[in-house]
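Written out below as structure tokens is the structure these notes cover.
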Amino acid sequence: MKLHYVGKNIDITDSLREVADKKYGRLSKYFQNDLDGKVTFSAEKDRRIAEVTIRLPGTILRSEQSSDDLYTSIDRTVDALESQIRKYKTKLQKRHSHDQSIRFDNIETYETETVEKADEDKRIVKTKRFDLKPMMPEEAAMQMELLGHNFFVYRDGESDEVHVIYKRNDGNYGLIEAE
């Protein structure tokens with residue numbers, strides 16, 4: 001696995017890179033192909049944050065963990081990613097055992113920081129752009145869970161319309177369809 005390291009308000013030392021390579025290297029046993037990943041380390045007041053994004057063919061695994069020690073944050077991201085991988089693998093096996101097709105296309109996300117002012121107190125501080133690949137609602141729900149988000153925007157595989165799936169407070173999912 002090829003990891004690209006980025007530091008925000010923190011210097012990435014050789015020892016930090018070696019420890020991170022060793023810890024994140026444990027994840028490579030789950031993948032057949034050589035994958036790219038992005039690791040962002042940042043420091044905010046007394047928090048040390050490790051954020052990892054790994055692009056799989058058809059999906060994205062992501063974890064962001066914080067603690068007062070960066071090495072603890074690294075360990076937590078590894079644990080969270082291993083959990084996501086097991087969950088992803090189990091869901092894929094369930095789909096294939098019932099002869100249901102599952103289609104994943106690579107979702108490329110491009111992030112840009114913006115400083116647009118919405119009003120006096122609130123402003124847009126981040127914009128994300130990504131390709132909307134056709135998928136079924138179940139696949140979108142799985143992708144949302146893997147990313148750890150509360151909602152997910154996708155293009156419906158049957159109608160080719162843009163939909164939003166979201167997690168409700170009761171633990172179920174809601175679907176927003178545009179008219």
Residue, farthest from residue 71 (Cα to Cα), within the range 25-56, restricted to residues that are β-branched (Val, Ile, Thr) and in contact with a helix residue (DSSP H, G or I) (Cβ under 8 Å, 6 or more places away or on another chain): 54
Residue list for the range 128-146, filter: buried (at least 18 other Cβ atoms within 10 Å of the Cβ) and touching a Leu at 6+ places or on another chain (Cβ under 8 Å): 146
Test result for residue 32, closer than 28 Å to residue 131 by Cα and at pLDDT 85 or above: no
Subset of the range 147-175 (residues that are of a type in the set (Val, Ile, Thr) and surrounded by 18 or more Cβ atoms within 10 Å (Cβ to Cβ)): 165
Residue that is surrounded by the most Cβ atoms within 10 Å (Cβ to Cβ), among those in the range 6-23 that are more than 16 Å from residue 68 (Cα to Cα), in contact with a helix residue (DSSP H, G or I) (Cβ under 8 Å, 6 or more places away or on another chain) and among the aliphatic types (A, V, I, L, M): 20
The range 17-35, residues that are in contact (Cβ under 8 Å) with a residue 12 or more places away in the chain and within 19 Å of residue 80 (Cβ to Cβ): 19, 20, 21, 23, 24, 25, 26, 27, 28, 30, 31, 35
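Is there a residue being surrounded by 14 or more Cβ atoms within 10 Å (Cβ to Cβ) and either at pLDDT below 80 or touching a Cys at 6+ places or on another chain (Cβ under 8 Å) (or both) anywhere in the range 105-122?
Residues of the range 105-122 surrounded by 14 or more Cβ atoms within 10 Å (Cβ to Cβ): 105, 107.
Checking the rest, the ones that are also either at pLDDT below 80 or touching a Cys at 6+ places or on another chain (Cβ under 8 Å) (or both) come to 105, 107.
Checking the range 105-122: at least one residue is surrounded by 14 or more Cβ atoms within 10 Å (Cβ to Cβ) and either at pLDDT below 80 or touching a Cys at 6+ places or on another chain (Cβ under 8 Å) (or both).
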Filtered residues of the range 24-53 (kept if surrounded by fewer than 17 Cβ atoms within 10 Å (Cβ to Cβ) and assigned to a helix (DSSP H, G or I)): 25, 26, 28, 29
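The values are calculated or read from the model by the stated rules, or taken from the named source; none is laboratory data. Predicted, not measured: the structure shown is a model, and the values here were computed from it. Because the Cβ atoms are built from the backbone with ideal geometry, glycine has one as well, and the counts that use them run over all protein chains shown.
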